[in-house]
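Below: one structure, written as structure tokens.
The values are calculated or read from the model by the stated rules, or taken from the named source; none is laboratory data. All figures in this text were calculated on a predicted structure; none of them were measured in a lab. Using ideal geometry, Cβ is built from the backbone for each residue, glycine included, and neighbour counts are taken over all protein chains shown.
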Amino acid sequence: MRTLRWIAAVLVSAALFAGTAAFAASNEAIKRNNFGAELVKQGRLDEAVSEFRAAVSADPRFAAAQMNLAYTYERLGREDEAIAGYKKTVELEPRNAKVFNNLAVLYMKKNLYDEAIQTLEQGLTVDPTDTTLQKNLEIAKANRGMLKEREARLADAQKQAEDRPKDPRAAYQLARVYASLDRQDQAFEWLGKALQMGFDDIRFVREDPVLSALRPDPRFAKLLEGR
């Protein structure tokens with residue numbers, strides 16, 4: 001059983017936008033937005049958030065400041081706040097294809113592929129020629145398919161272990177599925193159960209390629225101690 005390899009999304013293409021009178025009714029909003037952009041360039045992200053929030057407060061319809069705020073939240077790893085910010089930007093600037101892309105990439109990072117696909121398709125109605133949107137749509141659909149395959153394999157292995165609670169091979173198979181999905185704690189739990197139930201093909205356990213990621217962990221040697 002192979003480990004699923006997730007397809008990476010195209011890098012987020014967000015950029016900082018400077019404010020102009022054409023896009024903001026408030027000079028204060030423009031000033032705060034531009035200062036926030038400078039702070040981002042200096043890596044002072046928390047301070048930049050404060051400036052962008054002040055810009056949005058001064059002019060709630062200033063789309064550039066709203067997008068910059070979302071982008072900075074993303075840089076800080078505050079993904080839920082970034083998603084909310086990009087959604088607000090879409091409301092303010094529904095013809096900006098880049099905002100749809102950035103929002104969709106965040107959805108993909110959270111394995112929310114249905115939301116990502118819908119967002120990318122919306123972006124392509126704005127700009128059908130955008131190659132980044134096109135590529136990310138392909139990736140989102142491929143990853144959604146792999147996610148469903150992964151969930152199906154796991155559900156099947158869990159059912160087999162539930163239906164055959166005293167069968168060490170069913171427990172071992174569930175351990176292998178967890179290992180293939182990089183869920184090491186669950187893999188060790190079910191490997192331990194399989195061994196306790198009497199799984200005796202210890203040579204296979206030591207050589208099983210699906211368990212390769214478990215072997216550097218001290219728990220692996222401990223489970224096989226004396227076997």
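Residue-wise test of (1) surrounded by fewer than 15 Cβ atoms within 10 Å (Cβ to Cβ); (2) at pLDDT 95 or above; (3) assigned to a helix (DSSP H, G or I).
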residue	(1), (2), (3)
Ile139	no, no, yes
Glu151	yes, no, yes
Ala170	no, yes, yes
Leu174	no, yes, yes
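Any residue at all in the stretch 97-108 that's surrounded by fewer than 16 Cβ atoms within 10 Å (Cβ to Cβ) and either touching a Leu at 6+ places or on another chain (Cβ under 7 Å) or in a helix (DSSP H, G or I) (or both)? No, the stretch 97-108 contains no residue that is surrounded by fewer than 16 Cβ atoms within 10 Å (Cβ to Cβ) and either touching a Leu at 6+ places or on another chain (Cβ under 7 Å) or in a helix (DSSP H, G or I) (or both). Whenever a residue of the stretch 128-143 is assigned by TED's automatic domain parsing to the domain that holds Met108, its partners that are of a type in the set (Ser, Thr, Tyr) and outside any helix (DSSP H, G or I), lying with C-beta atoms within less than 9 angstrom and at least six residues away or across chains, give the pairs Thr132/Ser13. Filtered by the rule that a residue be closer than 17 Å to Val40 by Cα and aliphatic (A, V, I, L, M), the stretch 63-90 gives Ala64, Ala65, Met67, Leu69, Ala70, Leu76, Ala82. Only a single criterion out of (1) over 30 Å from Arg95 (Cβ atoms); (2) not in a helix (DSSP H, G or I) is not satisfied by Pro128, namely (1).
Filter the stretch 180-224 down to residues that are part of a helix (DSSP H, G or I) and in contact (Cβ under 8 Å) with a residue 60 or more places away in the chain and give me whichever is surrounded by the most Cβ atoms within 10 Å (Cβ to Cβ).
Taking the stretch 180-224 and keeping what is part of a helix (DSSP H, G or I), we get 180, 184-197, 202-207, 209-211, 218-224.
Restricting the remaining residues to those that are in contact (Cβ under 8 Å) with a residue 60 or more places away in the chain gives 180, 210.
Values: Ser180: 21, Val210: 17.
The selected residue is Ser180.
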